[in-house]
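Only one structure is covered here, and it is reproduced in the block below.
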Amino acid sequence: MIRRRTFASSLLAAPAIWPLRDALAQTPRDTLVMAAQLDDIISLDPHESFEFKGNETTTNIYEKLLTTHNTAPDKIVGELAESWEASPDSLTHTFRLKAGRKFASGNPITAQDAEYSLRRAVTLNKTPAFILTQFGLNGQNASQMIRATDARTLVITIGEPISPSFFYYCLSANVGAIVDSKVVEANKQGDDWGNGWLKTHSAGSGPYVLRAWRASETVTLEANPNYPGQVRSRRVVTRHVAEPASQLLLLQRGDVDMARNLGPDQLKSLASDSAYKIQRSRKAAVIYMCMNQRHPELAKPKVREALKFAIDYDAIQRNIVSTTYDVHQAFLPLGFLGAIDDKPFRFDPARAKALLAEAGLPNGFSVTLDYSHIQPWSDIAQAIQATFAQVGVKLTLQPGEQRQVITRMRARQHEMLMLYWSPDYMDPHSNTEAFVSNPDNSDNARAKTLAWRNSWSVPELNAKVAAAVRERDAEKRAEMYIELQREHQRTSPFMILLQAIEVAAMRATVSGLDIGPINDRIYYRETTKT
Amino acid sequence: MHRARLASFGGWLVTLPLTLLGLLLVTFLIGRVIPIDPVIAIVGDRAPADVYERVRLELGLDRPLYEQFFRYCSAILSGNFGRSVMTSRPVLEDISRFFPATLELATIATILGVAAGVPTGVLAAVRQGSKIDQVIRFLTLIGHSVPIFVLGLVGLLVFYAKLQLVPGPGRINVAFDDIVTPVTGMLLIDSAMQGEWEVFRDAVGHILLPAGVLAYFSLAYIARMTRAFMLEQLRQEYITTARVKGMSEMRVVWRHAFGNIAVPLVTVIALSYAGLLEGAVLTETIFSWPGLGQYLTVSLLNADMNAVLGATLVVGTVYLGLNLACDLIYRLVDPRTR
Amino acid sequence: MSRTAALRDWLVADTPASRRQARLGRVYLQWLTFRRNWLAVAGLAVSLLLTIVAIAAPLLATHDPAVQNLDIRLRPPDAAHWFGTDELGRDIYSRIVYGTRITLGMVVAVVILVAPFGLVVGCAAGYIGGWFDRIVMRITDIFMAFPRLILALAFVAALGPGIENGVIAIALTAWPAYARLSRAETLAIRGSDFIAAARLQGASTARLIFGHVAPLCLSSVIVRVTLDMSGIILTAAGLGFLGLGATPPSPEWGAMISTGRRFILEQWWVATMPGIAIFVASLGFNLLGDGLRDVLDPKQT
């Protein structure tokens, strides 16, 4: 009896003396620890990286000539450039670099580094290079078009006259990052421009340097001692945690300071707790559905219109993605030049049925939907399946790995498909080109835009896209985009469903995370813990 | 006898590489059949046509399948496993990082499983039909019936979220990252060797729950097999003779009966160990454990074929190697087998 | 009363008058042994219950398993929804009831595909021996050297998701074990006198394998099948858990856990209910298999 009681009381006391649960229930003071999904990173070379988390990481390591502040995303400001000007014909652009800046290595930042970096980006010609090569720059002409005329002056000549602000937005993307040419050259192998080395190392001038990247495990950044501004969190560690539920657990247990991929249901459980706060910020990304025009029924305009009325946008937003997405129905996300907030479509089964009958399909038809099997796509797809059924359309779901879905779409093998789109740079042309332009609808077209992938090509619209990007008057340009979006809503084989909201849930003691509309505008520098 | 043994060993030396080659071929074909474009895994969705085409040619995807396979195999023979797309590191370097994590987890789980499973199985066999036997049989059957991901989730929920007895998912607290220089890659060993006891304690805490979950499954299997083997022995005449002679029960059970089941038991343990070494995908997923199973799965679903083939080769070698070892033990100890 | 007693006497007669009486008598005696093991009887009961639930799903379900009602999503269990509702407001109880069909359907399909194939291949390999045997065994080696779940995952990824493809994938990973088992049994009986006698009588190889060897391997294959059923259930659930099993909205239990685990902290029932279902089903088959082994294959007990 006595023995049993001692055993029981020692059991009760166990949590107090248990040696395994760490005393370090809190993360170190000057270290910010985040839980996030970072298995998409495949390179941290800024001239190669083009994944969400990769971009977010490199933007904290490298600086560009120009950038935008998140407080005023439509205003171009200098980052490494002190001043810049365009020639009257908009073909020649001259940049004057700030004086006295240094890379993390201690090397001074010169116009030669800028020249090296931009030539490197277009010559390596990795995925994001098209952001620069669309201006007529390429590996062959880079040495004439991109020139440092003295230690602080860089002159770039581009191929055709285009709205200068469009060019500047593109330079402010991560592919415009200026790397430390001496360090990179020292680590090059053959003619790889140091690419093999820079994938997993850093040579920049931003607030942080890369200490370690272990794929699908952690990214560790450390403050750059040569950075002129204040870097409050000396160390930023991002841990890969695939499961949102696990991210929530880690946050609640104090093992991380911030969780980046919580779903609405996890956020709800934090909302009422004053120990945590939730930072939300509109993101320039949309979830869209598309209809392949090779499918005979989907090619009928009335059917396309009918299906746009067969989705319960509000119910999906309210019930499935209440805090992480807003209903949005135009291809330009809010926050972009010319973006519209029109919502012409709502769930109207009677109207959808009538339109289907007009199209000669009073009894509906069957169609498949490809989508990535993760959340929230899976829930959204099932909700759409249910409302489609109400108008007589039998939707067969085909969930797959994201890359599998993309592969199908690029091969134009899908019928309907749902995916996520985020712009490549902050100019409206990025989305407009993707969703509208399709000048060559042949199978081996060079540009496989979203419009091409759905075999949708309207010559007048292609011309309008080309005209809008040349327009130099910002107001007129905005007008052109507004018109394009309205036309697109009416006739295109796309239904834009939702616009994303970037959500970071953190302990109440954490502040200062600077979240912008795209991933290369998320900054850790000001983040602190009290 | 001795020559026959050598001959069969020689046979293994021939068939082992052939089997591995077959394994590679199957993996290679699966990789080519999976409807994921490997080029997309590298250049992403937005790359312009020329970039896409360049990478496709770099990967040799324009060549006939047999040539691609032949090129891959000859590269492996010269020690070049290629680069993984997902980690942008050489596959060998990846494996040397992920495999020790799995090795560590599987070894601890197996040690726990054997330490608990063997005595339990013996006990159940000795007391066949009793309450204890029934309870043990039932508990081991539960081990065969619970989905491992359910047990893992429940374990996390109870021991981490509610009771806070163990640290959460992952291998180590981020504060201890990079303190220990990897030598064996196994955190427990490395930290102990370098005298980093704080790190060691943290690593023990992290491994306890996932290893415990896996250990339960290995325990269930080992205990059942031990019981079955023991029952077979206890029925033999020599046991009755020993008992009649007045030998103590302890001696009868452990010296005689148990002594005779040691060899098949080792096989069972080795196979269960092999199963765990192949990477417990679901456990690794739930506990964010950076092991080989997760590496293989993620690479597979991203058409990262160099990584898949490399990891498959390791997994296959481990499985076949352990099988071979068991076979040899059998032959050496028990001449009846052939 | 007396008729059943007479039947019993007929069954347990020491000197059966016919082959049929002998065979039925043996089955009856085995049943008596089986009945004594209450765990096995419980297993049998669970298995029967599952079969009944699967057949009578439309009668037992209280709701349509596919109908969504987003306004009542994630409701805890109550009188209207016995096991609560899921993330799309569907009735979890009805989904689990219908899910029984999927789970049992997959199990049966896999067994039908795998057991005969494995049996024949294994018997042939064991009986014919030589090169044929070696090649078959190397092929089983190749398949067994893969972790089972990953191999199934690879096949599903290649074939595309869906229940049928899941069945094929699991079958492809399951047959080697049967082949090896049958081969081992065959090796043990290959040398026995009655096989030699049959061969002397001029029976063809095919006839020997199908008529004499395979039937003798059958009982161990049956035991293995019953024990393997839980393995099949768990693999199917694992595929569903990794998002590659049945396609939505079909109520596959593993997929239900996979979507429910997001809510495991606050809405425990969403993942727990299908978890219990998988556990009960798989435990039922395990208990049954364990009991059957005691009866059919006493040396293995």
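Taken together, the values in this text are just the output of simple stated rules run on the coordinates, not laboratory data. Remember, predicted model here, so these are calculated numbers, not experimental data. Cβ coordinates were reconstructed from backbone atoms using ideal geometry, including for glycine residues, and neighbour counts include every protein chain displayed.
What is the average number of partner chain Cβ atoms found within 10 Å of a Cβ in A:372-385?
Mean inter-chain Cβ contacts per residue within 10 Å come to 4.
Measure nothing but the geometry: give the 0 to 90° angle between the long axis through the Cα atoms of B:65-77 and the longest principal axis through the Cα atoms of chain B, rounded to 10°.
So the helix axis and the longest Cα principal axis differ by about 70 degrees.
In a shell of Cβ-Cβ distance under 14 Å around residue B:136, excluding residue B:136 itself, what net charge do Lys and Arg (+1) and Asp and Glu (-1) give?
Charge balance in the 14 Å sphere: +3.
Out of C:18, C:94, C:219, any idea which swings most in a Gaussian network model of chain C, alpha carbons joined below 10 Å?
Among C:18, C:94, C:219, the largest GNM mean-square fluctuation belongs to C:18.
Please state the charge dipole magnitude for segment A:69-123, taken about the Cα centre, from unit charges on C-beta atoms (+1 on K and R, -1 on D and E), reported in debye and rounded to the nearest 20.
Approximately 260 debye in magnitude.
How much FRET efficiency would the formula 1/(1 + (r/R0)^6) give for residue C:17 and residue C:62, where r is the Cβ-Cβ distance and R0 is 51 Å, rounded to 0.05?
Once rounded, the FRET efficiency stands at 0.45.
By counting other Cβ atoms within 10 Å of each Cβ, how are A:258, C:137 ranked from fewest to most?
Final ranking by Cβ density, sparse to dense: C:137, A:258.
Relative to the longest principal axis of chain C, what angle (0 to 90°, nearest 10) does the C-alpha long axis of helix C:19-36 take?
Compared with the principal axis, the helix lies near 50 degrees.
Determine the dipole magnitude for segment C:111-232: charges of +1 sit on the beta-carbon of Lys and Arg, -1 on that of Asp and Glu, nothing else is charged, the reference point is the Cα centre, and the result goes in debye to the nearest 20.
Charge dipole, segment C:111-232, about its Cα centre: 220 debye, nearest 20.
Starting with the fewest neighbours, write out B:221, A:62 ranked by other beta-carbon atoms found within 10 Å of each beta-carbon.
Lowest count first: B:221, A:62.
If I take R0 = 25 Å and measure r between the Cβ atoms of residue C:280 and residue C:117 in this structure, what FRET efficiency does the formula 1/(1 + (r/R0)^6) give, to the nearest 0.05?
Efficiency computed from Cβ-Cβ geometry: 0.30.
Report the residue, chosen from C:51, C:259, C:15, that carries the largest GNM mean-square fluctuation when chain C is represented by alpha-carbon nodes joined by springs under 10 Å.
Its mean-square fluctuation being the largest, the pick is C:15.
Just order A:186-199, C:273-286 by mean Cβ neighbour count inside 10 Å, highest at the front, would you?
C:273-286, A:186-199
Before rounding to the nearest 500, sum -39500 (n - 2.57) across all DSSP H runs of length at least 4 in chain C and divide by the residue total; then give [θ] at 222 nm in deg cm²/dmol.
-24000 deg cm²/dmol
Using a simple spin-label model with points 7 Å from Cα along the Cα→Cβ vector, what separation in nm is obtained for residue B:162 and residue A:143?
7.1
Using θ = phi - 60° and the Karplus form 6.51 cos²θ - 1.76 cosθ + 1.60, what ³J(HN,Hα) does each residue of segment A:421-427 get, whole Hz, x for Gly and Pro?
9, 10, x, 7, 7, 7, 9
Let me have the 222 nm mean residue ellipticity of chain A computed from DSSP H runs of 4+ only, each contributing -39500 (n - 2.57), with the sum over all residues rounded to the nearest 500.
So the calculated ellipticity at 222 nm is -9500 deg cm²/dmol.
Counting Lys and Arg as +1 and Asp and Glu as -1, what is the net charge of the other residues whose Cβ lies under 10 Å from the Cβ of residue B:187?
-3
With charges only on Cβ, +1 for K and R and -1 for D and E, what is the dipole size of the protein assembly as shown about its Cα centre, in debye, rounded to 20?
4100
Just from its helices, what would the mean residue ellipticity at 222 nm be for chain B, if runs of 4 or more DSSP H residues each count -39500 (n - 2.57) and the sum is divided by every residue, rounded to the nearest 500 deg cm²/dmol?
It comes out at -23500 deg cm²/dmol, rounded to the nearest 500.
Give the distance, in whole Å, between the Cα centre of segment A:360-419 and the Cα centre of segment A:473-515.
23
Once the Cα atoms of helix C:38-55 and of chain C are each reduced to a long axis, what angle between those two axes, in degrees from 0 to 90 to the nearest 10, is obtained?
60
Exposure proxy check: A:481, A:325, C:28 ranked by fewest other beta carbons within 10 Å?
C:28, A:325, A:481
Once Lys and Arg get +1 and Asp and Glu get -1 on their Cβ, which of A:193, A:166, A:309 lies farthest toward the positive end of the dipole of the protein assembly as shown?
Of the listed residues, the answer is A:309.
What is the set of long-range amide H partners of residue A:283 at a cut-off below 5 Å, with H atoms built 1.01 Å from backbone N?
When sequence neighbours closer than 5 places are left aside, the close amide H contacts are A:500, A:501, A:502.
Using the Karplus curve 6.51 cos²θ - 1.76 cosθ + 1.60 with θ = phi - 60°, work out ³J(HN,Hα) for each residue of segment C:126-141 in order, rounded to whole Hz, and write x for Gly and Pro.
After applying 6.51 cos²θ - 1.76 cosθ + 1.60, I find x, 7, 6, x, x, 5, 4, 4, 4, 5, 4, 5, 5, 5, 5, 4 Hz.
Please list, ordered by chain and number, the residues whose modelled amide H lies under 5 Å from the amide H of residue C:87; skip anything fewer than 5 residues away on the same chain.
Hits under the 5 Å cutoff: C:74.
What residue among C:107, C:121, C:27 has the largest mean-square fluctuation in a Gaussian network model of chain C, using Cα springs under 10 Å?
Most flexible of the set in this elastic network: C:27.
Hey, with R₀ at 60 Å, roughly what FRET efficiency would residue A:475 and residue C:82 work out to, going by the Cβ-Cβ distance, to 0.05?
It comes to 0.45.
Between beta-carbons, use under 11 Å as the cut-off and find the net charge around residue C:69, counting Lys and Arg +1, Asp and Glu -1.
-1
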